[in-house]
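For reference, the structure is listed below as structure tokens.
The values are calculated or read from the model by the stated rules, or taken from the named source; none is laboratory data. Nothing here was measured: the structure is a model prediction, and the numbers come from that model. Here Cβ is always computed from backbone atoms with ideal geometry, including for glycine, and neighbour counts include all displayed protein chains.
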Amino acid sequence: MKKKVAIIHGAYLHRRHAGALEPLKEWYDLIGVATRRCALENTQMGFEVRRLLGVSDIIRRIPKLRHRIGWGTDQYLFGFDKALSDIDIFYPGSPTCLFSWQAARLKKKTGARLVLSEVENIPFLDADRWIWKYRRETLDAADAIITATERARSSLIVEGVDPGKITHIPLGVDTKAFSPERKDAEVLKLLGVEPGEKVVLFAGRLIWGKGVFELAYAAKRIIDDPDLRGTRAKFVFLGAGSGEAVLRRRIADMGIGDRVLLKGFIPYEKTPAFYASVDIAVAPSIPTPEWVEQVNSMVVECMSSGAAMVVAMSGGLPDVTGDAALLVAPADHLSLYEAIKDLLLDDAKRKDFGRRARRRALDTLDMNLVARQTADVFESIS
């Protein structure tokens with residue numbers, strides 16, 4: 001009989017992350033654990049999902065609680081012990097989330113094993129919050145910890161975690177779904193991109209820390225550059241966020257609204273075709289005192305899709321891309337402009353970086369490879 005592994009993501013269960021663990025089904029029975037309502041769409045998994053009432057569900061009904069209950073605290077799940085008493089291995093999404101502490105507590109009663117997943121790369125980020133006590137208890141109870149980047153691993157070591165407990169395994173991606181072969185000009189047409197136009201993509205939250213304003217300023221320089229008059233490029237922003245209204249005003253102020261398109265979110269099932277159809281994907285994230293880019297899913301998926309990558313030297317991004325991307329300084333629109341211009345002017349270089357991105361995805365990020373490495377960790381503590 002296969003052992004049961006609980007993939008606990010609470011309100012953040014999504015096919016993009018949990019779905020990449022599906023190859024583990026070869027060796028384990030997988031059970032996803034989520035709140036009744038999740039923050040993101042597309043929670044359909046290829047394995048059983050158990051839904052529990054979470055604090056985040058209550059906050060949805062009483063929004064004023066949001067300011068009194070911080071991130072991590074809102075991930076407490078009611079009925080946890082009863083629903084998950086049959087689990088052999090707990091694999092929760094973050095040691096700061098209270099569902100991880102609940103797993104650590106239940107482990108003591110049932111004899112199950114606990115493998116934590118960590119992406120945070122700022123040491124002691126929550127040290128001044130009351131939840132820190134629960135994070136420390138959870139880390140101490142863990143049999144193993146998997147970090148998505150080397151920087152996340154280093155941060156845990158700085159916090160005093162035994163390095164012998166920690167294994168770095170990158171975020172996995174379905175390299176068959178996200179493939180250059182999925183290119184579809186019709187998808188681009190729906191987004192307002194005409195045949196022959198180069199596409200520069202950003203996908204994510206439209207907030208200052210994601211570097212969207214710097215990318216818009218770089219777009220202005222690209223559009224006005226006389227060297228690029230023969231190369232028509234459109235900048236497509238996918239996503240939403242608190243900075244969207246101001247970003248729209250800045251784009252209008254610069255007079256580039258016909259070439260810089262804010263298109264909101266597209267359904268997840270359409271992203272493979274769109275990512276395969278873009279020429280350059282950009283992740284211009286900017287570090288802040290309370291957040292540094294961890295693992296950017298768009299970067300992983302666009303790499304697998306064969307896009308040429310331009311990413312900021314911020315947080316875990318260089319760990320993910322290695323030498324398969326042009327690295328630029330964060331919060332520097334001039335560096336962004338120069339890197340994007342370089343790739344737009346040099347077709348051979350752009351295509352080479354696209355091939356390098358695809359090769360790195362196949363060699364290090366493929367979800368089957370990642371699943372096998374994860375299973376090795378599970379087996380080492382069973």
Take region 365-381 and flag every residue that is crowded, with 19+ Cβ neighbours inside 10 Å and of a type outside the set (A, V, I, L, M, F, W, C).
Asp366, Thr374
Among helices (runs of 4 or more DSSP H) entirely within region 278-378, at least 3 residues that are modelled with pLDDT of 95 or more, out of contact with any helix residue (DSSP H, G or I) (no Cβ under 9 Å at 6 or more places or on another chain) and not polar (S, T, N, Q) occur in 347-360
Taking region 129-144 as the search range and keeping residues that are among the aliphatic types (A, V, I, L, M) and part of a loop (DSSP other than H, G, I, E, B), which one is surrounded by the most Cβ atoms within 10 Å (Cβ to Cβ)?
Ala142
The lone exception for Val200 - which of (1) surrounded by fewer than 22 Cβ atoms within 10 Å (Cβ to Cβ); (2) assigned by TED's automatic domain parsing to the domain that holds Ala233 it fails
(1)
Residue check, Ser85 against (1) under 22 Å from the mean Cα position of the chain (by Cα); (2) farther than 25 Å from Ala371 by Cβ, all met but one. Which one?
(1)
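For the structure I just gave you, tell me whether Leu77 is touching a residue at least 40 places away in the same chain (Cβ under 8 Å), in the same structural domain as Pro95 (by TED's automatic domain parsing), crowded, with 20+ Cβ neighbours inside 10 Å and not small (Gly, Ala, Ser). Don't jump to the end; show me each part of the working.
Details: touching a residue at least 40 places away in the same chain (Cβ under 8 Å): yes; in the same structural domain as Pro95 (by TED's automatic domain parsing): yes; crowded, with 20+ Cβ neighbours inside 10 Å: yes; not small (Gly, Ala, Ser): yes.
Criteria met by Leu77.
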Of (1) loosely packed, with under 14 Cβ neighbours inside 10 Å; (2) at pLDDT 95 or above, Leu190 fails just (2)
Flagged in region 258-290 as basic (Lys, Arg) and either buried (at least 16 other Cβ atoms within 10 Å of the Cβ) or in contact with a strand residue (DSSP E or B) (Cβ under 6 Å, 6 or more places away or on another chain) (or both), in numbering order, are Arg259, Lys263
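Condition check ((1) in the same structural domain as Phe80 (by TED's automatic domain parsing); (2) at negative phi) across all residues:
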site: Pro123; (1), (2): yes, yes
site: Ala127; (1), (2): yes, yes
site: Leu156; (1), (2): yes, yes
site: Pro163; (1), (2): yes, yes
site: Lys189; (1), (2): no, yes
site: Gly196; (1), (2): no, no
site: Trp208; (1), (2): no, yes
Find the helices (runs of 4 or more DSSP H) located wholly in region 14-128 whose residues include 2 or more that are closer than 30 Å to Thr364 by Cα, and list them.
15-18, 98-110
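Just one of Arg229, Arg249 is assigned by TED's automatic domain parsing to the domain that holds Leu317, modelled with pLDDT of 95 or more and among the basic types (Lys, Arg); which is it? Let's see the steps before the verdict.
Values: Arg229 fails: modelled with pLDDT of 95 or more.
On inspection, the qualifying residue turns out to be Arg249.
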Residues being loosely packed, with under 14 Cβ neighbours inside 10 Å, out of contact with any Pro (no Cβ under 9 Å at 6 or more places or on another chain) and modelled with pLDDT under 80: count how many of those fall in region 40-64.
3
